[in-house]
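Enquirer: Encoded as structure tokens, here's the structure I'll be asking about.
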Amino acid sequence: MGELLGCQEARHAQVLSPTLTMHYMDWGGDKPPLLALHGLSSSAHWYDKCMPFLTPYFQCIAPDQRAHGLTTQPDGGYDWETLGEDLIRLLDHLGIEKTAVLGHSWGASVAGHLTVRHPERVTALVLIDGGVQRPRNTDVQWEDFRLRLRQRDIYGPVDNYLDVHKQEHAAVWDNELEHMLLSMPEQLGNNEVREYLSPSSHEQVIWNMFSDPLSSVYERIRVPTLIVSAEGNTEMSRSYLPMKQQGVADALERIADSRSIWISEAPHDISFYQPKALATSLIDFLA
């Protein structure tokens, strides 16, 4: 089946393994490949608004990562090594030897660790509002980190779930964004949704982020790297800007071939608000 985005058609397919069935979208073509990784509790559709701008230049591949979207949810395997092996299996399946890799939020950390573990497969790296922070502060305890990244209590009746997002993203709400957001939770029938990522899987993911952050291996990233950061579009989101600026400066100092760009009037979900600006920054960098 295919879903029309702009003038490009994405092919939906799956990669099978003994422990995982991975769903992905492939826009095809004979252009340079671009592997796009979504963030936590999201799906491959996070990039939908960007794809009309990207597909004329790249063969775009967007997978649902382990325990997200239409990909199955094993009991384990949420460490960086296994998550990277999932993606290497996908690249092998597609016959792609090397690719540029970008990731949003948690997906940025997955992309960065993939680059460190499999440098022969990655030509360039893009970290989109994620993967960039100061080295882990020893004063931050696991329980505090766990509480800050706890799962959101926004599920249940689908109308309630959508109403939360409509209020949060009122300035850019449309049918396409609604479709994107409905791809992220598990559909239970009877107009009910719930978080697809189980509490156990979620805790494994955030423990990995806490105990082995990307900042611990910045010096091992040896490919051209672009750091894309959101300036924020509300007083609250802008309040985090000084901390983000400090984290970006640290990453630029420690990642050998790196540069950064800031997207104005955009919160963490940059692709919802500034898809063309995000896509243009990727095209300019990867050209």
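The values are calculated or read from the model by the stated rules, or taken from the named source; none is laboratory data. If you're wondering where the values come from, they're calculated on a predicted model, not measured in any experiment. Here the Cβ is made from the backbone with ideal geometry for all residues, glycine too, and neighbour counts use every protein chain on show. Quick note on the areas: whole protein, heavy atoms, side chains included, nothing else; ligands and nucleic acids left out. Shrake-Rupley method; radii C 1.70, N 1.55, O 1.52, S 1.80 Å.
Enquirer: Under the rule of -39500 (n - 2.57) per DSSP H run of 4 or more residues, summed and divided by the residues of the chain, what mean residue ellipticity at 222 nm is obtained, to the nearest 500 deg cm²/dmol?
Expert: After summing the helix terms and dividing by the residues of the chain, the value is -10500 deg cm²/dmol.
Enquirer: List the pair-distance distribution P(r) of the chain, using every Cα-Cα distance, as the percent of pairs falling in each 10 Å bin from 0 up to the bin containing the longest distance, rounded to whole percents.
Expert: Histogram of Cα-Cα distances, whole percents per bin: 6, 29, 39, 22, 3, 0.
Enquirer: Let me ask something else. How much length is gained if the chain between Ser198 and Arg222 is pulled fully straight, taking 0.36 nm per residue apart and subtracting their Cα-Cα distance, in nm to one decimal?
Expert: Residue separation times 0.36 nm, minus the Cα-Cα distance, leaves 5.2 nm.
Enquirer: Let me ask you something else. Multiply the residue gap between Ile88 and Ser211 by 0.36 nm, knock off their C-alpha separation, and tell me the result in nm, one decimal place.
Expert: 42.0 nm
Enquirer: Turning to a different aspect of this structure: Which of Gly131, His118, His165 sits farthest toward the positive end of the charge dipole of segment 105-194, with +1 on the Cβ of Lys and Arg and -1 on the Cβ of Asp and Glu?
Expert: Toward the positive end, the furthest listed residue is His118.
Enquirer: Give a residue-ordered list of calculated ³J(HN,Hα) values for segment 201-207 (Karplus: 6.51 cos²θ - 1.76 cosθ + 1.60, θ = phi - 60°; whole Hz; x for Gly, Pro).
Expert: Karplus-based 3J(HN,Hα) across segment 201-207 equals 5, 4, 5, 4, 4, 6, 5 Hz.
Enquirer: Among bridges DSSP assigns within the chain, what percent are antiparallel (round to 5)?
Expert: Here the share of antiparallel DSSP bridges comes out near 45 percent.
Enquirer: Going by accessible area, probe 1.4 Å, with all protein chains left in place, what is the ranking of Lys166, Lys49, largest first?
Expert: Values: Lys166 85, Lys49 25 Å².
So the residues, ranked largest to smallest area, are Lys166, Lys49.
Enquirer: Can you put Arg254, Arg259 in order of accessible area, largest first, using a 1.4 Å probe?
Expert: These residues rank, largest area first, as Arg259, Arg254.
Enquirer: Calculate the spin-label point distance for Asp250 paired with Thr234, positioning each point 7 Å from the Cα along the beta-carbon direction, and give it in nanometres.
Expert: A separation of 2.6 nm, rounded to one decimal place.
Enquirer: With charges only on Cβ, +1 for K and R and -1 for D and E, what is the dipole size of the chain about its Cα centre, in debye, rounded to 20?
Expert: Around 660 debye, computed over the chain.
Enquirer: Still on this structure, please answer the following. Could you give each residue of segment 257-270 its phi-based ³J(HN,Hα) in whole Hz, using Karplus coefficients 6.51, -1.76, 1.60 with θ = phi - 60°, and x for Gly or Pro?
Expert: So the Karplus estimates, Gly and Pro as x, are 10, 9, 8, 9, 9, 10, 9, 7, 6, 9, x, 4, 7, 4 Hz.
Enquirer: Right, another one. Would you kindly compute the Cα radius of gyration of segment 47-168 and its largest Cα-Cα separation (Dmax), both in Å?
Expert: Looking at segment 47-168, its Cα Rg and Dmax stand at 16.9, 47 Å.
Enquirer: Further question: Under a cut-off of 15 Å between alpha-carbon atoms, report the aspartates and glutamates in cross-link reach of Lys166, not counting same-chain residues fewer than 8 places apart.
Expert: Asp174, Glu176, Glu178, Asp269
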